[in-house]
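Heads up, the thing below is written out as structure tokens.
The values are calculated or read from the model by the stated rules, or taken from the named source; none is laboratory data. Every value quoted in this text rests on a predicted model; they were computed, and no experiment measured them. So basically every Cβ, Gly included, is an ideal-geometry build from the backbone, and we count neighbours across all protein chains shown. Calculation scope for accessible area: heavy atoms of the full protein, side chains included, ligands and nucleic acids excluded. Shrake-Rupley method; radii C 1.70, N 1.55, O 1.52, S 1.80 Å.
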Amino acid sequence: MDSEHQLATVIGQLVLAVGQHQLLPGARAVDYTVTEQGAVVLNWVAGPYAGEVATGLAAAPGPPEVAMVAPSHPGNNAVRADLLIRGVAVVLIAYEPIGRDAAARAVQPSPRRLPVWRWPTPLEDDGIARDTVLWTRDATGDDLAVGVRLPLERPEGWLEPSILVALPKEDLPPAWAYRERRIHTAWQTCDILLRQSGPELSVAAADDWLTAQFEDSRAFRSWVAVTWPDRCVIRLAAGLRMEIVCDGPFHGSVPWSLVPAVLYSAIDRSAQRRPPASVRIRQLGRKVVSTLAISTDWGAPSSRNAQNPI
């Protein structure tokens, strides 16, 4: 069997097994890509942990010859798991997973109770969101950023300032005509253009993509960011580059898509208008507090940058 046929067979068996055995309850934005090295990357948002899906695939009748592979990355298998199926490398990536049991309860509410209210997911549903960052202090007196994500049409009575975040044009989901016009306008004027990626995108390739966004004639960009399951890179039109990593082993609990807005807010509230060396972050409604380390360097400003936007 040639390599292309082998790859197509593995992708088909993988998709079939995931669907037949209901291995992704509550997952959104399920997608797969094939890297230049011939690896299959299956990724999703919310839903079960990556390790749970890997265990389910290994225990299921198909696809055959599933072998767990020792991870070559730090951290646990909540957000990433590596498999070998018929000799093809398969990488499972979970963005902000909640675990199989919690996901199953969310999609199958008890008939004896009212349906569970769900917090809106505008970035996944519309490709546009308003991120509000509330600054408070924890028990030790240290600053803590609490991120809140709301839809483009903010709730009535919500007066907190927000940061408009948009996905790249090619990642915007389809919408009906009126919404599409509103979303397109928001995409043109957003504060942060955000690309969410899996491990197949190298940091060097991400830097090239970030730089190219400043030359897009369809919209002026001052902040552009790329997030992975374990880090975030942000570039500003003025030339500042920030790379953010989690100062600890559990980077899978970090709400990475909120990190650019937190840095935007941190710089805005700084008297020197410069990024801090570290920041503590928590998503509203979750208990986990993550400490992020921020490294910075300066490059040439964008040719379209008329003034320092920091």
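General remarks:
- Selection of first residues in segment 291-302 that are among the charged types (D, E, K, R) and of second residues that are part of a strand (DSSP E or B), restricted to Cβ pairs under 6 Å at least 6 apart or on distinct chains, gives the following pairs, ordered by first then second residue: ASP297/ARG241.
- Hey, LEU172 farther than 30 Å from VAL34 by Cβ, open to solvent by 10 Å² or more (accessible area, probe 1.4 Å) and aliphatic (A, V, I, L, M) or not: no
- Pick from segment 1-52, criterion part of a loop (DSSP other than H, G, I, E, B) and of a type in the set (A, V, I, L, M, F, W, C), ranking: most open to solvent (accessible area, probe 1.4 Å): MET1
- Taken over segment 131-172, the criterion of being touching a helix residue (DSSP H, G or I) at 6+ places or on another chain (Cβ under 7 Å) and among the basic types (Lys, Arg) is satisfied by ARG149, LYS169.
- Of the strands (runs of 3 or more DSSP E) lying entirely inside segment 80-145, those carrying at least 1 residues that are at pLDDT below 85 are 80-85, 88-95.
- Within segment 53-74, if we keep just the residues that are open to solvent by 20 Å² or more (accessible area, probe 1.4 Å) and touching an Asp or Glu at 6+ places or on another chain (Cβ under 9 Å), the residue that is modelled with the lowest pLDDT turns out to be PRO74.
- In summary, ILE183 fulfils each of the numbered conditions (1) at pLDDT 90 or above; (2) of a type in the set (A, V, I, L, M); (3) in a helix (DSSP H, G or I) with the single exception of condition (1).
- In the condition set (1) assigned to a loop (DSSP other than H, G, I, E, B); (2) in contact (Cβ under 8 Å) with a residue 24 or more places away in the chain, ASP207 is compliant with all but (1).
- Flag if ALA129 is farther than 20 Å from LEU258 by Cβ, out of contact with any Cys (no Cβ under 9 Å at 6 or more places or on another chain) and aliphatic (A, V, I, L, M): no
- Residue within segment 230-252 that is part of a helix (DSSP H, G or I), more than 24 Å from TRP187 (Cβ to Cβ) and either open to solvent by less than 70 Å² (accessible area, probe 1.4 Å) or in contact with an Asp or Glu (Cβ under 6 Å, 6 or more places away or on another chain) (or both) present: yes
- Of all the residues in segment 182-204, those that are in contact with a Leu (Cβ under 8 Å, 6 or more places away or on another chain), in contact (Cβ under 8 Å) with a residue 60 or more places away in the chain and not polar (S, T, N, Q) number 5.
- Residue match in segment 271-287 (condition: touching a helix residue (DSSP H, G or I) at 6+ places or on another chain (Cβ under 7 Å), part of a loop (DSSP other than H, G, I, E, B), open to solvent by 80 Å² or more (accessible area, probe 1.4 Å) and modelled with pLDDT under 90): yes
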